[in-house]
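Only one structure is covered here, and it is reproduced in the block below.
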Amino acid sequence: RTLGPAYWLQQSPWSRHGYLHYSRLTAESYVLRDALSPFITHEARFLDVGCNGGRHLWMLEQAGATRGHLAGVDIQKLDDYYPIYRGSFEGVLPMIADRWYTVVFTMGMTIELVPPSFPICHHMARLASKAVVLMIQETGVPYPRLWKVEFEREGFRLTKYQRCNGASLFVFERKP
């Protein structure tokens, strides 16, 4: 049994899974920032899949990314500091244009909760012109995936893999 979109939609900011619970940067956040840094330019656009309160978008802005080129997807009602596509991944991601974002990334146990009936890897790859970066749990998740196989099938290659406090960082770059 997983925590589906309805569960996340009903969370108040102060609840166990509300966005205020995820407002602080962690050690994994800084590993993620370092992986995203090579892609930061004035033109680069970033999409945070499962952005929650936008802490990683803020972190990218502090690292030099252009604020107007940062966006997120989340089902919860959040502050409007960054443009947020509100809704489930299943409802939002198919509506975004191919390769609209330079980098699509995620942090945490968000995409690991998406049932295999929705091709989350396909949509993340389709939206990214250069890279997909994941900081995720590989074990103890309801829907384990073969991330490397999934993204290679979509025309990406794994350029970096790193473990950090039980999480795994994957950097996939689009093949030329």
Output for segment 110-135, where each listed residue is modelled with pLDDT of 95 or more and open to solvent by less than 10 Å² (accessible area, probe 1.4 Å) = I120, C121, M124, A125, L127, A128, A131, V132, V133, L134, M135
Boolean, Y101 is out of contact with any strand residue (DSSP E or B) (no Cβ under 6 Å at 6 or more places or on another chain) and aromatic (F, W, Y) = no
With the checklist (1) closer than 24 Å to V31 by Cα; (2) open to solvent by 40 Å² or more (accessible area, probe 1.4 Å); (3) in a strand (DSSP E or B) in hand, flag the one item D48 doesn't pass.
-> (2)
In segment 91-109, anything open to solvent by 40 Å² or more (accessible area, probe 1.4 Å) and outside any helix (DSSP H, G or I) is listed as A97, D98, R99, W100, M109
So which residues in segment 136-163 are open to solvent by less than 20 Å² (accessible area, probe 1.4 Å) and either touching a residue at least 60 places away in the same chain (Cβ under 8 Å) or within 14 Å of A125 (Cβ to Cβ) (or both), if there are any at all?
-> W147, F151, F156
Pick from Y81, Y85, Y30: which is free of Cβ contacts under 8 Å to residues at least 40 places away in the same chain, more than 15 Å from the chain's Cα centre (by Cα) and either open to solvent by 60 Å² or more (accessible area, probe 1.4 Å) or farther than 24 Å from A167 by Cβ (or both)?
-> Y81
Exclusive hit being under 29 Å from G166 (Cβ atoms) and open to solvent by 70 Å² or more (accessible area, probe 1.4 Å), set R24, R55 = R24
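The values are calculated or read from the model by the stated rules, or taken from the named source; none is laboratory data. Just so it is clear, the structure is predicted and the values come from calculations on it, not from any experiment. Don't worry about glycine lacking a Cβ; one is built from the backbone with ideal geometry, like all the others, and counts go over all protein chains shown. For the accessible areas, the whole protein counts, side chains as well, though only heavy atoms, and no ligand, DNA or RNA atoms are used. Shrake-Rupley method; radii C 1.70, N 1.55, O 1.52, S 1.80 Å.
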